[in-house]
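The values are calculated or read from the model by the stated rules, or taken from the named source; none is laboratory data. From a predicted model like this one, the values you see are computed outputs, not experimental measurements. Quick reminder, even Gly has a Cβ in these numbers, built from the backbone with ideal geometry, and neighbours come from all protein chains shown.
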Amino acid sequence: MIFTKVFFIFSKILSFAVDPFFWIIILLLLALFAKKKYRRPQYLVSALILTFVFSSSPIYKITFEYWKIKHEITHQKFDAGILLGGMISLGSSDENILFNEYNDRLLNTLELFHKGIIKKIIITGASGSLSSDLKEADIIKSFLIRIGVPREKIIVENQSKNTHENAIYTELTCK
């Protein structure tokens, strides 16, 4: 259990450290406070280049198209589909769900369910926050029931806080 907590904290630190915005801020701070004044313009130019690269719409579109998953039409049927969490904001509740940019996970899962490609929906995820007790899977389950998905077609795993734990706890839930 200690390994999963360490892994969780490490994954949060790593995701923060690879965020371009983090490095832009670091470079701007270096530009302001560098002891060697001749380095300041280098840091500032680097920050501006990173800002341009990561905020440029054409560059974003090219990169997005490269990483975009190509969906294949399948005629296979599956016993269940796994719906990963991470699609609602921390301020969400059963009565007021605040969806974020990952809500396509829910929409794609509902499409697969209604087309009969998956027979059941496994919702996995608590909260990816270190400080929240939010049980995202429970909130999504309530939502699915409200929109007509039969309760017996929903399996919930509400302990995982990251993708690694999603896999571990989902396997345990399905045994």
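Looking only at the range 123-153, count how many residues are over 12 Å from Ile82 (Cβ atoms) and outside any helix (DSSP H, G or I).
14
Need pairs with beta-carbon distance below 7 Å; first residue more than 24 Å from Phe8 (Cβ to Cβ) and within the range 108-126, second part of a loop (DSSP other than H, G, I, E, B) and at pLDDT 95 or above; sequence gap 6+ or separate chains.
From the range 108-126, the pairs are Phe113/Val149; Ile121/Val149.
Please find, among Lys115, Lys135, Lys175, the residue that is closer than 26 Å to Val6 by Cβ and over 18 Å from the mean Cα position of the chain (by Cα).
Matching residue, one of Lys115, Lys135, Lys175: Lys175.
Among the residues of the range 140-152, is any farther than 29 Å from Phe10 by Cα, loosely packed, with under 10 Cβ neighbours inside 10 Å and of a type in the set (S, T, N, Q)?
no
Could you tell me whether the range 48-55 includes any residue that is at pLDDT 90 or above and over 29 Å from the mean Cα position of the chain (by Cα)?
no
If you go through the range 54-94 one residue at a time, how many are of a type outside the set (D, E, K, R) and in contact (Cβ under 8 Å) with a residue 12 or more places away in the chain?
Final tally of qualifying residues: 16.
Here are the criteria: (1) in a helix (DSSP H, G or I); (2) of a type in the set (D, E, K, R); (3) surrounded by 14 or more Cβ atoms within 10 Å (Cβ to Cβ). Tell me which single one Glu171 does not satisfy.
Tallying (1) in a helix (DSSP H, G or I); (2) of a type in the set (D, E, K, R); (3) surrounded by 14 or more Cβ atoms within 10 Å (Cβ to Cβ), Glu171 fails exactly one: (3).
Residues that are small (Gly, Ala, Ser): list the helices (runs of 4 or more DSSP H) wholly contained in the range 1-116 that include at least 1 such residues.
Result: 2-17, 20-33, 40-55, 57-67.
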